[in-house]
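**Student:** Below is one structure. I have some questions about it.
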Amino acid sequence: MATKRANSIEVKKINRNAIYKFLYKHDPISIQEIAYTLNMSLPTVTQNIKELQERDLVIETGLFESTGGRKAKAIAYNSAAKFAVGLDITRNHIGIVLIDLSGKVIKNERKQYPFVNSKEYFEGVGNLVKHFIDDCKIESSKILGVGIALPAILSDDKQTVSYATVIDFKGGSVKSFSEFIPYPCILSNDANAAGLAELWVEGNIQNVVYLSLNNSVGGAIIIGKNIYTGENQRSGEFGHMTIVPDGRTCYCGQKGCVDAYCSAKVLSDSTNGSIAEFFRLLRLNSEPQKALWEEYLKHLVVTINNLRMLYDCNVILGGYVGAYLDEYIEHIRELVSKRNTFEVDGTYLHVCKYKLEATAVGAALQHVENFINNV
Ligand SMILES: [Zn+2]
């Protein structure tokens, strides 16, 4: 709670924010219970709820059963008060989502739209965003902003791109996008965005390592619910850990990187780029899919075990490959536990919950997070 020295406007803001965040994390609840749990007076909570209701941020969802006396109103945050848009920019495609305040995907689209570092491209992205929002039929005042995830390493202030090889955008800036998008824009690293989306749905988890198995391999390290970015914004670049000395050549130019063994392309190159088709054929025990999968797992298991040894926390498998792993996770858990020095099971290993567009969702969640912190 605030000290007496904080002025009354600050105290009011702190209280209002604490109440809103509390509602965000809980099922519908009564004013009495909010006051009791947050150790605030009933008039303080009542006044703040009234203000939040006037802003349409909080709603009444019904009445609780009473044990005598008046029934208490059930109060909840309004997940449809605001929305955010997320873009997942890849080498050949754009994924676009609209999420509500809870992180639920309301609408999504994926389009073939190869990245080109040109004005025409960014103008095209701007038009895509405008049409998408028009189709959603949501007032523009309800859109918090557009989050843009890139397969790139960003500068400290996240305004520019300091390293990019998957797309030709080194030295690029958020301004290239925001010039054509009439909403606040925030850039994110793609794997960090996806990791954030997974953490969002997990609720109570504090620490997690997210391994993104897309056409390039990346990841995110989340400690105490915050992304550990590293000193050069290059943390979690698991794709470039060496797992085979002098092994296969990676797109980065080095040899033996995880990416050369565990990217989704290693599998989908056998099925014309379709990961869905790869897993369909694998289920039918087709070759060469079966052999490719066994070879893939060998390296994946080494990578996962290394992550567990390094971070001693849950590991989530995501990306194009992660989305198909529900039916294989028990087998992978067995394999990782056999490699583990300390543990006899692999229960620390999980499959991503967002099967679709985790990256775009995570990019959009940056706006939701800022909003929640500033209510
Ligand atoms: Zn590499």
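The values are calculated or read from the model by the stated rules, or taken from the named source; none is laboratory data. Quantities reported herein were computed from a predicted structural model and do not represent experimental measurements. All Cβ positions, glycine included, derive from the backbone under ideal geometry; neighbour counts span all protein chains shown. Keep in mind that these areas ignore ligands, DNA and RNA; they rest on the heavy atoms of the full protein, side chains included. Shrake-Rupley method; radii C 1.70, N 1.55, O 1.52, S 1.80 Å.
**Student:** Could you tell me how many of the residues in the stretch 38-58 are hydroxyl-bearing (Ser, Thr, Tyr) and surrounded by fewer than 12 Cβ atoms within 10 Å (Cβ to Cβ)? Lay out the reasoning, then the answer.
**Tutor:** Going through the stretch 38-58, the residues hydroxyl-bearing (Ser, Thr, Tyr) turn out to be 41, 44, 46.
Next cut, surrounded by fewer than 12 Cβ atoms within 10 Å (Cβ to Cβ) only: 41.
Residues flagged as hydroxyl-bearing (Ser, Thr, Tyr) and surrounded by fewer than 12 Cβ atoms within 10 Å (Cβ to Cβ) within the stretch 38-58 amount to 1.
**Student:** Let me confirm something: among Lys107, Lys130, Lys71, which residue is in a strand (DSSP E or B) and surrounded by fewer than 17 Cβ atoms within 10 Å (Cβ to Cβ)?
**Tutor:** Details: Lys130 fails: in a strand (DSSP E or B); Lys71 fails: in a strand (DSSP E or B).
Within the list Lys107, Lys130, Lys71, the selection yields Lys107.
**Student:** Let me ask something else. Taking the stretch 165-192 on its own, how many of its residues are within 12 Å of the chain's Cα centre (by Cα) and farther than 17 Å from Leu144 by Cα? Give the derivation first.
**Tutor:** Of the residues in the stretch 165-192, the ones within 12 Å of the chain's Cα centre (by Cα) are 188-192.
Remaining after also requiring farther than 17 Å from Leu144 by Cα: 189-192.
Matching residues across the stretch 165-192 total 4.
**Student:** So, Asp156, is that one outside any strand (DSSP E or B) and free of Cβ contacts under 8 Å to residues at least 60 places away in the same chain or not? I'd like the intermediate steps shown before the answer.
**Tutor:** Working: outside any strand (DSSP E or B): yes; free of Cβ contacts under 8 Å to residues at least 60 places away in the same chain: no.
Here the answer is no, as Asp156 does not meet what is asked.
Every residue, every condition in (1) out of contact with any Lys or Arg (no Cβ under 6 Å at 6 or more places or on another chain); (2) open to solvent by 30 Å² or more (accessible area, probe 1.4 Å); (3) not hydrophobic (A, V, I, L, M, F, W, C), yes or no:
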{"site": "Ala76", "(1), (2), (3)": "yes, no, no"}
{"site": "Ser102", "(1), (2), (3)": "yes, yes, yes"}
{"site": "Asp135", "(1), (2), (3)": "yes, yes, yes"}
{"site": "Ser155", "(1), (2), (3)": "yes, no, yes"}
{"site": "Thr160", "(1), (2), (3)": "yes, yes, yes"}
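**Student:** Further question on the same structure: Take Leu187 and decide whether it is assigned to a helix (DSSP H, G or I) and either assigned by TED's automatic domain parsing to the domain that holds Asp157 or open to solvent by 10 Å² or more (accessible area, probe 1.4 Å) (or both). Outline the logic, then answer.
**Tutor:** On the way: assigned to a helix (DSSP H, G or I): no; either assigned by TED's automatic domain parsing to the domain that holds Asp157 or open to solvent by 10 Å² or more (accessible area, probe 1.4 Å) (or both): yes.
Criteria not met by Leu187.
**Student:** Step by step: first the residues of the stretch 1-16, then only those that are charged (D, E, K, R) and open to solvent by 60 Å² or more (accessible area, probe 1.4 Å), then the one that is nearest to Leu101 (Cα to Cα). Which residue is that?
**Tutor:** Here is the first cut: in the stretch 1-16, the ones charged (D, E, K, R) are 4-5, 10, 12-13, 16.
Right, trim to open to solvent by 60 Å² or more (accessible area, probe 1.4 Å) and you get 4-5, 10, 12-13.
Values: Lys4: 33, Arg5: 33, Glu10: 25, Lys12: 23, Lys13: 20 Å.
So, considering only residues that are charged (D, E, K, R) and open to solvent by 60 Å² or more (accessible area, probe 1.4 Å), the one nearest to Leu101 (Cα to Cα) is Lys13.
**Student:** Which residues, counting only those in the stretch 17-37, are open to solvent by 30 Å² or more (accessible area, probe 1.4 Å) and polar (S, T, N, Q)?
**Tutor:** Gln32, Thr37
**Student:** Checking Tyr328 against (1) farther than 23 Å from Gln206 by Cβ; (2) among the aromatic types (Phe, Trp, Tyr); (3) outside any helix (DSSP H, G or I), which test does it fail?
**Tutor:** Evaluating Tyr328 over (1) farther than 23 Å from Gln206 by Cβ; (2) among the aromatic types (Phe, Trp, Tyr); (3) outside any helix (DSSP H, G or I) leaves (3) as the failure.
**Student:** If you don't mind, there's one more thing I want to ask. Just to verify a result, which residue in the stretch 206-262, among those that are touching a residue at least 24 places away in the same chain (Cβ under 8 Å), farther than 25 Å from Asp312 by Cβ and within 11 Å of the ligand (Cβ to nearest atom), is surrounded by the most Cβ atoms within 10 Å (Cβ to Cβ)?
**Tutor:** Only one residue fits best here, namely Ser216.
**Student:** For the stretch 59-68, give me each residue that is assigned to a loop (DSSP other than H, G, I, E, B) and surrounded by 10 or more Cβ atoms within 10 Å (Cβ to Cβ).
**Tutor:** Result: Phe64, single match.
**Student:** Can you confirm whether Leu144 is under 21 Å from Leu356 (Cα atoms), in contact (Cβ under 8 Å) with a residue 24 or more places away in the chain and within 19 Å of the chain's Cα centre (by Cα)?
**Tutor:** On the way: under 21 Å from Leu356 (Cα atoms): no; in contact (Cβ under 8 Å) with a residue 24 or more places away in the chain: yes; within 19 Å of the chain's Cα centre (by Cα): yes.
Judged against the criteria, Leu144 is not a match.
**Student:** Next up: Sort out which residues of the stretch 304-325 are over 23 Å from Lys355 (Cα atoms), open to solvent by 70 Å² or more (accessible area, probe 1.4 Å) and in a helix (DSSP H, G or I), and write them in order of number.
**Tutor:** Met309, Leu310, Tyr311
**Student:** In the stretch 263-275, how many residues are within 16 Å of the ligand (Cβ to nearest atom) and farther than 16 Å from Val302 by Cβ? Show your work before the answer.
**Tutor:** Narrowing the stretch 263-275 to residues within 16 Å of the ligand (Cβ to nearest atom): 263-266.
From what is left, the residues that are farther than 16 Å from Val302 by Cβ are 264-265.
Matching residues across the stretch 263-275 total 2.
**Student:** Say whether the condition of being out of contact with any helix residue (DSSP H, G or I) (no Cβ under 6 Å at 6 or more places or on another chain), touching a residue at least 60 places away in the same chain (Cβ under 8 Å) and not assigned by TED's automatic domain parsing to the domain that holds Asn15 is met by at least one residue in the stretch 343-352.
**Tutor:** Looking through the stretch 343-352, none of the residues is out of contact with any helix residue (DSSP H, G or I) (no Cβ under 6 Å at 6 or more places or on another chain), touching a residue at least 60 places away in the same chain (Cβ under 8 Å) and not assigned by TED's automatic domain parsing to the domain that holds Asn15.
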